[in-house]
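Step one of this worksheet: look at the structure below.
The values are calculated or read from the model by the stated rules, or taken from the named source; none is laboratory data. Computed from a prediction, not measured in an experiment: that's the story for all the values here. Counting neighbours? That spans all protein chains shown, and the Cβs are built from the backbone with ideal geometry, glycine included. In case anyone asks, the SASA skips ligands and DNA or RNA and just uses the protein heavy atoms, side chains included. Shrake-Rupley method; radii C 1.70, N 1.55, O 1.52, S 1.80 Å.
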Amino acid sequence: MTNKYCYISMAAFAMLSFVSLAVGNALLAIATLCFLIYAFKNRAAMHVPDKTYYLAIGIFIGTMLISAFLSGDIKQGMKVWSNAWFWRLMPFFIITLTIREAKQAKRILACSLAGIAIGALCVVHQGLGGDARAAGFFGHPMTFAGYFCIYLPLLFVLLFEESTASRWRWYMGGLLILLSAALFFNATRGAWLAVASVTVLLLLYYFFRPDYRKLAACVVCFLIIVGAGLSQYQPFVDRMVTITDENYQSNTERLLIWHSAYEMFKDHPVTGVGLGQYKDNYQKKYISPEAKEPLLGHAHNNFMQMLAENGLIGFAGFMTLISCFIGYSFKRFWQEGNPYALMMCASALALVLQGLTEYNFGNGAVMKSFWLVQGCLLVLSQNWKKESPEQDA
């Protein structure tokens, strides 16, 4: 019954990791230990739910391992690899390899939604208290911005899909509004743009489906009213203006960092400077004389980070990974009408779009939450055809 303990500890991790990183990591460690015991005892019966996703993950992890060995500091490279591309993926492995029933996956996902709701309430409270960049219970505002990119598209799909019972739609709608308010007070511009972009794409899809057109029109009207109100709120307007301000320091600094990352890639095109070696190389060799933030440790862009640190080999692995979780998930949705595959696609797309201005794949808290959600959704997508509307409610 070790898998029972995996389930319980993952449910607790799903809820409490938004409140305390230390508690979340402790619970994930317990879940990992239970998983390893379970995997050893049941190794002959272990079943991979969809080999395509595992193949993409395997290719990505493999390319990162190559980068670790060729980093010039194998000890440091392996340390970064085991933490970033093994430990943070454990929620996905644990859930997809030990959870077979949709009911258990839904409960873990429900726990994570309860956890992010608590975190969002904290962010809103901080924002109402005057915090210009509300960060939640811990860390940098970018952490909760990453969380919101993961959960808001998921909630948006849940709001529309018929598989969500009407009594739960009110809950999903309320949670959607709460997280949107929290994202507003979080004031992370890249997350604003990412969530807005995915929301527009989803709205277009639902608007052109006759059975969802009325609800989509109501959402559009609501968004227009909210947008009109926000246009009169000067702090929001000022923050939005900075997105295209060529003299705004955050913008100019990112351009300098990306140029430095590109220079690293040009000098080391095949394998990059090595896994875990970006910070030292940037600060000691590639930093621009015009840089005003010399202590930055990453490229503030997933794609530039992968090119600089892991070269074309690592970049190919990264593109394989995101192409699978966005492209393959969308293909499954398009062919099967599977709403959980659409959630996988939309959630991954929003996180990748935010990753154009932030190295969110390097944020451990964000990625553990992302892999937990993707794991739950994969299990649910595999069970989707087996569920009746009554069961799904």
Open item on the list: GLY229 - would you say it is over 30 Å from GLY362 (Cβ atoms) and of a type outside the set (A, V, I, L, M)?
Closed with: yes
Task: Residues of the range 47-83 classified as outside any helix (DSSP H, G or I), within 18 Å of LEU380 (Cα to Cα) and open to solvent by 60 Å² or more (accessible area, probe 1.4 Å), total - done: 1
Open item on the list: Being at negative phi, outside any helix (DSSP H, G or I) and at pLDDT 95 or above narrows it down to one residue among LEU356, LEU349, LEU342, LEU378; which is it?
Closed with: LEU356
- [ ] Kindly establish whether ALA308 is part of a helix (DSSP H, G or I), surrounded by 22 or more Cβ atoms within 10 Å (Cβ to Cβ) and either hydrophobic (A, V, I, L, M, F, W, C) or in contact with an Asp or Glu (Cβ under 7 Å, 6 or more places away or on another chain) (or both).
- [x] yes
Open item on the list: For the range 111-130, check the following and say yes or no: at least one residue is free of Cβ contacts under 8 Å to residues at least 12 places away in the same chain, open to solvent by 10 Å² or more (accessible area, probe 1.4 Å) and within 17 Å of the chain's Cα centre (by Cα).
Closed with: no
Open item on the list: Every residue in the range 262-302 that is within 21 Å of MET64 (Cβ to Cβ), part of a loop (DSSP other than H, G, I, E, B) and either among the polar types (S, T, N, Q) or open to solvent by 80 Å² or more (accessible area, probe 1.4 Å) (or both), please.
Closed with: VAL270, THR271, GLN277, ASN301
Open item on the list: Checking GLY337 against (1) touching a helix residue (DSSP H, G or I) at 6+ places or on another chain (Cβ under 7 Å); (2) open to solvent by 20 Å² or more (accessible area, probe 1.4 Å): exactly one of these is not met. Which one?
Closed with: (1)
TODO: Confirm whether SER323 is more than 21 Å from THR63 (Cα to Cα) and surrounded by fewer than 18 Cβ atoms within 10 Å (Cβ to Cβ).
DONE: no
Open item on the list: When you check PHE86 against the structure, is it within 24 Å of the chain's Cα centre (by Cα) and open to solvent by less than 60 Å² (accessible area, probe 1.4 Å), yes or no?
Closed with: no
TODO: Filter the range 179-194 down to the residues that are assigned to a helix (DSSP H, G or I) and of a type in the set (Gly, Ala, Ser), then identify the one that is surrounded by the most Cβ atoms within 10 Å (Cβ to Cβ).
DONE: ALA194
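From SER250, SER197, grab the single residue that is among the hydroxyl-bearing types (Ser, Thr, Tyr), within 26 Å of the chain's Cα centre (by Cα), under 30 Å from PHE330 (Cβ atoms) and surrounded by fewer than 17 Cβ atoms within 10 Å (Cβ to Cβ).
Among SER250, SER197, only SER197 is among the hydroxyl-bearing types (Ser, Thr, Tyr), within 26 Å of the chain's Cα centre (by Cα), under 30 Å from PHE330 (Cβ atoms) and surrounded by fewer than 17 Cβ atoms within 10 Å (Cβ to Cβ).
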Open item on the list: Restricting to the range 231-269, and then to whatever is in contact (Cβ under 8 Å) with a residue 12 or more places away in the chain and aliphatic (A, V, I, L, M), can you tell me which residue is farthest from GLN283 (Cα to Cα)?
Closed with: MET240
Task: Among the candidates VAL237, VAL219, residue that is modelled with pLDDT of 90 or more, closer than 19 Å to GLU162 by Cα and open to solvent by less than 60 Å² (accessible area, probe 1.4 Å) - done: VAL219
